[in-house]
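The values are calculated or read from the model by the stated rules, or taken from the named source; none is laboratory data. What you see is a predicted model, and the numbers here were worked out from it, not measured in a lab. Cβ placement follows ideal geometry from the backbone for every residue including glycine, while neighbour counts extend to all protein chains displayed. Ligands, DNA and RNA are excluded from the accessible area calculation, which covers all protein heavy atoms including side chains. Shrake-Rupley method; radii C 1.70, N 1.55, O 1.52, S 1.80 Å.
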Amino acid sequence: MPVALVTAGHNRMGQGVARCLIEMGWHVVLAGSESTEMDEIVKELGGGASVSIKTLECTALEDCKRIAAEVAKEHGGIDGLVNLGSGQRRLGIPRAEFVASKPAEWQKIIDGNLRAVMNSCYAALPFMIEAKKGGTIVNMTANKGL
């Protein structure tokens with residue numbers, strides 16, 4: 001059974017991605033910062049052997065490396081990585097005209113949508129390369145917030 005690591009798995013996009021992958025026969029590891037929400041998603045997906053969760057802060061490279069290593073060890077590798085970016089609402093950033101926004105808010109958006117993706121790819125790719133069977137990486141975000 002192929003294994004997919006889905007970052008920001010604590011949101012509804014994560015739930016949708018997990019549902020699609022499970023229907024196609026994948027085991028999904030939802031990784032995110034909010035384990036309570038992921039527990040609810042696992043229940044809604046029916047639980048079972050096709051989905052598991054890990055608590056992860058994607059903006060921390062060492063945390064991404066730790067989770068990738070755990071997933072690879074527990075499941076025999078990583079076949080797919082789905083990075084789900086963070087919207088403004090999830091990051092606690094109010095909607096405002098650009099000229100009214102603050103540089104600290106930009107940094108949160110950059111960290112949640114670029115640094116997190118780069119960290120996750122950097123952490124998971126060695127396991128995909130080592131397996132010598134290819135792999136898939138999908139990066140996406142939503143402009144309405146998550």
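Taking a ≥ b ≥ c as the square roots of the eigenvalues of the Cα gyration tensor of region 33-89, is the shape rounded (a/c under 1.5), prolate (a/b larger than b/c) or oblate? Before the final figure, lay out the partial values.
Numbers: a/c = 1.84, a/b = 1.03, b/c = 1.79.
Judged from the Cα gyration tensor, region 33-89 comes out oblate (a/c at least 1.5, b/c at or above a/b).
If we sort 28-34, 109-115, 132-138, 99-105 on the protection proxy, mean other Cβ atoms within 10 Å, highest first, what's the order? Could you put the intermediate results ahead of the total?
Values: 28-34: 24.0, 109-115: 16.3, 132-138: 12.0, 99-105: 10.0.
By packing density, highest mean first, the sequence is 28-34, 109-115, 132-138, 99-105.
Using per-residue counts of other Cβ atoms within 10 Å, averaged over each peptide, order 124-130, 40-46 from highest down.
On the way: 124-130: 17.3, 40-46: 14.9.
Put in order of decreasing packing, that is 124-130, 40-46.
Among 67-75, 18-26, how do they line up from the highest to the lowest mean number of other beta-carbon atoms within 10 Å?
Working: 67-75: 18.2, 18-26: 15.2.
With the highest mean Cβ count within 10 Å placed first, the list reads 67-75, 18-26.
When the Cα centres of region 1-26 and region 100-135 are compared, how far apart do they sit, in Å?
Each part's Cα centre sits 17 Å from the other's.
Points 7 angstrom from Cα along the Cβ direction at Met118 and Ile137: gap in nanometres?
1.2
Using 1/(1 + (r/R0)^6) with R0 = 35 angstrom and r between the beta carbons of Glu62 and Asp39, what's the FRET efficiency to the nearest 0.05?
Numbers: r = 24 Å, r/R0 = 0.70.
The value I calculate is 0.90.
With a 1.4 Å probe and every protein chain left in place, work out the accessible area per residue of region 29-112 in Å², rounded to a whole number.
Working: 4490 Å² over 84 residues.
Per-residue value: 53 Å².
With the full set of protein chains in place, find how many percent of the accessible area of the chain is carbon and sulfur; take the probe as 1.4 Å. Can you show the working numbers first?
Numbers: 4640 of 7920 Å².
Carbon-and-sulfur percentage of accessible area, whole number: 59.
Report, by chain and number, residues whose modeled amide H sits under 5 Å from the one on Val51, excluding near sequence neighbours (fewer than 5 apart, same chain).
For Val51, the qualifying residues are Val28.
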